[in-house]
Amino acid sequence: MGALPRFSVSLSSTHHSDGPRRMIARARAAHDAGFVSLSIGDHHDMGVPYAQNTPMLGRLLAEWTERPAGCLFLVPLWHPLLMAEQIGTLAAIHQVSAPGARFIVQTGIGWGEAQFTNLGADMQTRGRYIDEAIPVVKALLAGDRVDSEFFGLEGARVGLRADAEYEWWIGGTVDVAVDRAARLGDVWYGAPGQGAGDLGRTIERYRSAGGGGVMVRRDAVVAPTAEEAHSRASSLVERGYRGLSLDQLFYGSPDQIAEQAAAAAGLGVDELVIRCAAAEQEHALETLELLGTLW
């Protein structure tokens, strides 16, 4: 078995009414287990209890000391000045307990007519929007006064920023998104459902375009035995978990997970971003604890 990639954690923000409490507990468990970074997602108009990214991460940073942290922004759903202000404040909060730690800005292009319509965004122009927005947000976080005809900015600036490294993870699996990651980002952020063949081809394209780090999300079910992990994973798939098939889940005993992780490293993956797939809190916490035995 080869060397393992690093492991970080991405917390699910969709829970019942006690979601924030669950997320705090999972953040503590991941920190105790030694995961290298923490992130959470970004969705809107969900219709189910969903903790929004910026206030929730502000609370979680109290649990996440000394290590990198950040969150996803579906960029076409955000005005770049507002996005930069939220990032700047979060990064400043993070520096209180983690001075010098990187702040991770994950970006996505977004999908779903409902959230675009209800936030006054246009799905048809989202590709151009994200290409225009990322450089603007970077300039604002660097302390520049920014003019932008595209966004109607005149001398815009961000008042609260951190003297920290902002690391940009740019997601997407189609060629134009992979090329965008190489051109505008520090990291390509892979999706959970990609198989080994597609993942290998995408990483090759990204690296040939001058890209840097490769982080890939995997939705995980880990149990003490292979049989128990298979049973839990099969049950999730039967219930329609995120539209993923069984072979797209990252499941097994700790030894099996180590083998899968080593295979990912062999494809060029630097870091696996683990999302606990189990809805049951005790199973999610067990997944985090068992993964912590791998390093």
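The values are calculated or read from the model by the stated rules, or taken from the named source; none is laboratory data. All values reported here derive from a predicted model rather than from experimental measurement. In this analysis, Cβ positions are derived from the backbone assuming ideal geometry, glycine residues included, and neighbour counts consider all displayed protein chains.
Tabulated data
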{"item": "Selected residue (only one of 233, 264, 181, 223 is farther than 24 Å from residue 91 by Cβ and either basic (Lys, Arg) or under 18 Å from the mean Cα position of the chain (by Cα) (or both))", "result": "264"}
{"item": "Failed item, numbered, when residue 15 is tested on (1) under 27 Å from residue 142 (Cα atoms); (2) modelled with pLDDT under 95; (3) buried (at least 18 other Cβ atoms within 10 Å of the Cβ)", "result": "(1)"}
{"item": "Odd one out for residue 251 among (1) free of Cβ contacts under 8 Å to residues at least 40 places away in the same chain; (2) part of a helix (DSSP H, G or I)", "result": "(2)"}
{"item": "Filter result for the condition that a residue is farther than 26 Å from residue 9 by Cβ and either buried (at least 19 other Cβ atoms within 10 Å of the Cβ) or among the charged types (D, E, K, R) (or both), over 204, 228, 167", "result": "204"}
{"item": "Qualifying residue in segment 113-125 (condition: surrounded by fewer than 19 Cβ atoms within 10 Å (Cβ to Cβ), among the small types (Gly, Ala, Ser) and touching a residue at least 60 places away in the same chain (Cβ under 8 Å))", "result": "yes"}
{"item": "Segment 56-87, residues that are in contact (Cβ under 8 Å) with a residue 40 or more places away in the chain and farther than 22 Å from residue 117 by Cα", "result": "56, 60, 68, 70, 84, 85, 87"}
{"item": "Candidates 127, 70, filtered to the one that is in contact with a Lys or Arg (Cβ under 9 Å, 6 or more places away or on another chain), over 18 Å from residue 27 (Cα atoms) and among the small types (Gly, Ala, Ser)", "result": "127"}
{"item": "Residue 137 vs. criteria crowded, with 20+ Cβ neighbours inside 10 Å, in contact with an Asp or Glu (Cβ under 8 Å, 6 or more places away or on another chain) and either touching a residue at least 40 places away in the same chain (Cβ under 8 Å) or over 18 Å from residue 183 (Cβ atoms) (or both)", "result": "no"}
{"item": "Single match in 101, 91, 156 (criterion: over 30 Å from residue 63 (Cα atoms), surrounded by 12 or more Cβ atoms within 10 Å (Cβ to Cβ), in contact (Cβ under 8 Å) with a residue 40 or more places away in the chain and small (Gly, Ala, Ser))", "result": "156"}
{"item": "Filter pass, residue 273 being under 16 Å from residue 34 (Cβ atoms), in contact (Cβ under 8 Å) with a residue 24 or more places away in the chain and either buried (at least 17 other Cβ atoms within 10 Å of the Cβ) or aromatic (Phe, Trp, Tyr) (or both)", "result": "yes"}
{"item": "Hey, residue 34 surrounded by fewer than 23 Cβ atoms within 10 Å (Cβ to Cβ), touching a Phe, Trp or Tyr at 6+ places or on another chain (Cβ under 7 Å) and in contact (Cβ under 8 Å) with a residue 12 or more places away in the chain or not", "result": "yes"}
